[in-house]
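Step one of this worksheet: look at the structure below.
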There are 2 protein chains.
Amino acid sequence: MATDRDTVLEAAVGVLSRRPTAHLDEIARAAGISRATLHRLFPGREALIREVGLLGLRRFAAALDTAGVEEGDAEPALRRLVDASVPDAMLCAFLAGENQLYDNDEINDLWELQIARLHALFLRGQQQGAFRIELSAAWLSEAFFDLVAGVGWAIQDGRLAPRDAAFSLAELFLGGALRRPEATGATAGHSTADPGTTDPLTSDRSTTDCRPDTDKP
Amino acid sequence: MATDRDTVLEAAVGVLSRRPTAHLDEIARAAGISRATLHRLFPGREALIREVGLLGLRRFAAALDTAGVEEGDAEPALRRLVDASVPDAMLCAFLAGENQLYDNDEINDLWELQIARLHALFLRGQQQGAFRIELSAAWLSEAFFDLVAGVGWAIQDGRLAPRDAAFSLAELFLGGALRRPEATGATAGHSTADPGTTDPLTSDRSTTDCRPDTDKP
DNA sequence: TTCATTTGAGACATTGATGTCTCAAAATTA
DNA sequence: TAATTTTGAGACATCAATGTCTCAAATGAA
């Protein structure tokens, strides 16, 4: 079934992201190939793991590219990044969980590079006044990636509908869990598909007052 | 050094949370004991892993208890939970990453129980009007735990100062990453209010000025 | 059809972690 | 001090996963 290298790697992620110690038998079975063929494609477990990691990093880097995180305002850039990275959330989950990759220089460098791009995005957003400055850009980067990974796990285990993923991630990360006093009825019902697609109506953004007096101690 | 079982388990977490495949030698060394003694305390790797998982779940359950998540308003309850769970964030990171524990009934039941309590907290918060209803309580539970785990990893690797952990977690999770326009006056930002360029779907950017930690020393 | 290539299934040796043992050194207690 | 207990270091045996092979079957091309 999956004779292509990347296809095999994606099947491997499905197993490895949840059980890093899975045997090669399992991985081969998940990919629909025999252990012999798996071994022909990737000479050994270590090579397989490394290639999965590299695939994940390539995909995340591609997501940063297609989102154009270096351009424009930070907030829409981050929303684009959400849309671009959610499809590969499972790869990111693998990256987040598999930390024994970090003794590999190639992976390490690539990883640092992407994290630096993410960090720069948040820093720019803070400088633009879009993101909060009480939270360090490093923490925002870290937390964002953790949530992308969380989305990957949740989708894989069926706890989160793929359709809701991008919306849930973007809204929680950007807006937080607290409900705000209504502005207009803006946050409409269910997001559905793709938050990136335009929705002509809500073009106005009414800012409203701060949270009212529902104050607490 | 660490002759107590729980002390050994905590040392084990320090290793296992980042490298689930660490050898028993490493774990023993990290705990400051010999492999023989480690084996006397825990008969086998499987037992050790299981006990670490149980310790993590017990600690998280204790955090839910001391925070009193079943009582009072949901938001302050969650803030209390943050404070109570951050000290054991590394244990939670282990729980989040080690998913091969889930074939153990005892652990599974305990896990489901705590997640149910978390879920109930968010559900109550939504009914009280404190938490957003566009995000499912299940997703909020999941994301919260992911961020707790993220805090654990970040602290362990020195990317987050322990002093900042509770604040960073609570503020990001509750308030989100977006800066809110100042309530009282002067707007500082430039691009925040640029109506033209921003993303359509845009949740309302209404806001609260999530005041920083109310409950912090 | 025939030939060439790839795949799958299994056998086999290797490797390395684990489980188990012993005994000397250290620690604790009387 | 002497006696008891605990610990550490190491030497094995065991066992499971991996790496490597062969060969028949399947696939695809000519």
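The values are calculated or read from the model by the stated rules, or taken from the named source; none is laboratory data. All values reported here derive from a predicted model rather than from experimental measurement. We place every Cβ from the backbone using ideal geometry, glycine too, and count neighbours over all the protein chains shown. Just so you know, the surface numbers come from the protein's heavy atoms only, side chains and all, with ligands and any DNA or RNA stripped out. Shrake-Rupley method; radii C 1.70, N 1.55, O 1.52, S 1.80 Å.
See the values below:
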item	result
Separation between Cα centres of the range A:15-40 and the range B:1-50, rounded to whole Å	28
Shortest-first nm distances, B:Thr7 label point to equivalent points in other copies (7 Å, Cα→Cβ)	5.6
Contact surface A-B: accessible area buried, both sides summed, square angstrom, 1.4 angstrom probe	6300
For q = 0.16, 0.22, 0.29 Å⁻¹, Debye-computed log10 I/I(0) when each Cα of the range A:1-62 counts as one equal scatterer	-0.43, -0.81, -1.39
Listed residues A:Val69, A:Leu57, A:Asn108: farthest to the positive end of the dipole of the range A:5-178 (Cβ charges)	A:Leu57
Shielding by partners - mean other protein chain Cβ count within 10 Å, residues of B:149-155	4
Equivalent ellipsoid semi-axes, the range A:5-178, via Cα gyration tensor eigenvalues times 5, rooted, Å	31, 17, 13
Distances in nm from A:Arg58 to the matching label points in the other copies, shortest first (labels 7 Å along Cα to Cβ)	4.7
Rg/Rg_ref, the range B:14-102, where Rg_ref = 2.2 N^0.38 Å and atoms are Cα	1.29
Mean-position separation - Cα centroids, the range A:120-150 and the range B:62-118, in angstrom	25
For A:Arg163, inter-copy label distances in nm, listed shortest first [label point 7 Å out on the Cα-Cβ vector]	4.9
